[in-house]
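Have a look at the structure below, then the notes.
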Amino acid sequence: QVQVVESGGGLVQPGGSLRLSCAASGSIFSINVMEWFRQAPGKQRELVASITSGGSRTYRDSVKGRFTISRDNAKNTGYLQMNNLRPEDTAVYYCHAIIATTALRNFANYWGQGTQVNVSS
């Protein structure tokens, strides 16, 4: 009943920018944390950034000062603005959200299908 869909990935040159979106839809009562993870080939999935319902943000050290996470609670949508991209940012980026549905009112984990980001000259 709840779907999480990412968009905005693509190919960009080093130093370029991309903006990822994460749209949650369905019978949503409340969204707690929204997060962005990424997974590069042969590596473990890692947390990139997170934002609480109150707007508190955390980032992994390698993206601080370059990435900005935000959300629009009215639209049930999260964003990841990525500036000054580096080749090592190349990965599949996944949105993760902790959502309570209108039916159950219990929070559960929801993942998107991922969007590919390639940083290359």
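When segment 62-85 is limited to residues that are more than 12 Å from the chain's Cα centre (by Cα) and farther than 21 Å from Gly16 by Cα, the one that is most open to solvent (accessible area, probe 1.4 Å) turns out to be Lys75. The set of residues in segment 86-110 being in contact with a strand residue (DSSP E or B) (Cβ under 7 Å, 6 or more places away or on another chain), farther than 18 Å from Ala40 by Cα and open to solvent by 70 Å² or more (accessible area, probe 1.4 Å) consists of Arg105, Asn106, Phe107, Asn109. So is Glu46 closer than 24 Å to Val119 by Cα and surrounded by 18 or more Cβ atoms within 10 Å (Cβ to Cβ) or not? Here the answer is no, as Glu46 does not meet what is asked. Selection over segment 111-121 of residues that are touching a strand residue (DSSP E or B) at 6+ places or on another chain (Cβ under 8 Å) and open to solvent by 40 Å² or more (accessible area, probe 1.4 Å) gives a count of 5. Checked against (1) open to solvent by 50 Å² or more (accessible area, probe 1.4 Å); (2) out of contact with any Phe, Trp or Tyr (no Cβ under 7 Å at 6 or more places or on another chain); (3) within 18 Å of Val92 (Cα to Cα); (4) in a strand (DSSP E or B), Pro14 meets all criteria but (4).
Residues of segment 49-61 that are over 18 Å from Arg19 (Cβ atoms) and surrounded by 13 or more Cβ atoms within 10 Å (Cβ to Cβ): Thr52, Ser53, Thr58, Arg60. Within segment 44-53, the set of residues being without any contact (Cβ under 8 Å) to a residue 40 or more places away in the chain and assigned to a loop (DSSP other than H, G, I, E, B) comprises Gln44, Thr52, Ser53.
The values are calculated or read from the model by the stated rules, or taken from the named source; none is laboratory data. Not measured: the values here are computed from a predicted model. Reconstructed Cβ throughout: ideal geometry from the backbone, glycine too, with neighbour counts over all protein chains shown. When the accessible area is computed, the model is the full protein with side chains, heavy atoms only, and any ligands, DNA or RNA have been set aside. Shrake-Rupley method; radii C 1.70, N 1.55, O 1.52, S 1.80 Å.
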